[in-house]
Amino acid sequence: MRLIAEGLAALRGERIVFRNIAFDVAAGQALVLQGPNGSGKTTLLRVIAGLLGSMAGRLRLLDDDDSILTDERRDQSLHLVGHQDALRSQLRVYETLQFHAALLGAPTDNVDVAIEAWGLKSFADLGGGLLSAGQRRRVSLARLSLQRRPLWLLDEPLVALDALTRSRLNEACAKHLEQG
């Protein structure tokens, strides 16, 4: 898999958020976006995910034989973990992950794997509204373990995480990169 951007530009409202963005990221590589609040990092991730259009430029996601992925195949190739955790207060953690597994077409056994991998067992029966910010973030990140997808788009992934969970995330990212 390869992600290529050439001359990307995007608007938010009436403001140009970024322009002339270019990169070429091959399988096993990571691209880390840095910049102040409002500089367009989230907008760029949303453009890559296909949730926003670009004002200019070209973005291509290529499979292993350099064929451009269609919208549907692109959607099936990526995980987007936004900076806002997608949890419903009335659903328990376990139910939330079951819902996401079903959405992703993942085996239900993967829910238990994700709960173990992200240290969620002690609060898997709690509703999303009762979780701390760090716990909510861990549930969002656990979606990465439900279904293997080659491209991870992580928006401010370290926000509200304790040292142990930061280590878990670093290990998960390193393993993901090793797998291409």
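The H on the amide N of Arg12, modeled in the peptide plane, is under 5 Å from the matching H of Val17, each at least 5 residues off or on a different chain.
Between the Cα long axis of helix 93-104 and the first principal axis of the chain there is an angle of about 40°, rounded to the nearest 10.
Its alpha carbons considered, the stretch 25-118 gives a radius of gyration followed by a Dmax of 16.1, 44 Å. Distance between the modelled labels on Leu11 and Phe99, one decimal in nanometres: 3.4 nm (7 Å Cα→Cβ projection).
Using r as the Cβ-Cβ distance of Asp109 and Glu156, and R0 as 25 Å, what FRET efficiency do you calculate, to the nearest 0.05?
0.25
The H on the amide N of Leu52, modeled in the peptide plane, is under 5 Å from the matching H of Val47, each at least 5 residues off or on a different chain.
Within the shell of other residues whose beta carbon sits under 13 angstrom from the beta carbon of Arg166, the net charge comes to 0, with Lys and Arg scored +1 and Asp and Glu -1. Relative to the longest principal axis of the Cα atoms of the chain, the long axis of helix 163-178 makes an angle of roughly 50 degrees.
In the neighborhood of Phe99, defined by Cβ-to-Cβ distances under 11 Å, what is the net charge if each Lys or Arg adds +1 and each Asp or Glu adds -1?
After counting each charged neighbour, the total is +2.
Here the Karplus curve 6.51 cos²θ - 1.76 cosθ + 1.60, taken at θ = phi - 60°, turns the phi angles of the stretch 135-142 into couplings of 5, 4, 5, 4, 5, 4, 5, 4 Hz, with x standing for Gly and Pro. Here, P(r) means the percent of Cα pairs in each 5 Å bin from 0 to the largest distance; for the chain it is 1, 8, 16, 19, 19, 15, 12, 7, 2, 0.
Sorting the segments 149-159, 135-145, 51-61 by their residues' average number of neighbouring beta-carbon atoms within 10 angstrom, most packed first, yields 135-145, 149-159, 51-61.
Overall, the chain carries a charge dipole of about 540 debye about its Cα centre when +1 sits on the Cβ of Lys and Arg and -1 on the Cβ of Asp and Glu, all other atoms neutral. Measuring r between the beta carbons of Arg73 and Arg166 and using R0 = 30 Å, the FRET efficiency lands at 0.40.
What the phi angles of the stretch 68-75 give under the Karplus curve with 6.51, -1.76 and 1.60, with θ = phi - 60°, is a coupling list of 6, 6, 5, 4, 5, 5, 4, 4 Hz, glycine and proline written as x.
Values quoted throughout were computed directly from the atomic coordinates according to the rules given, and no laboratory measurement underlies them. Computed from a predicted structure; not experimentally measured. Because the Cβ atoms are built from the backbone with ideal geometry, glycine has one as well, and the counts that use them run over all protein chains shown.
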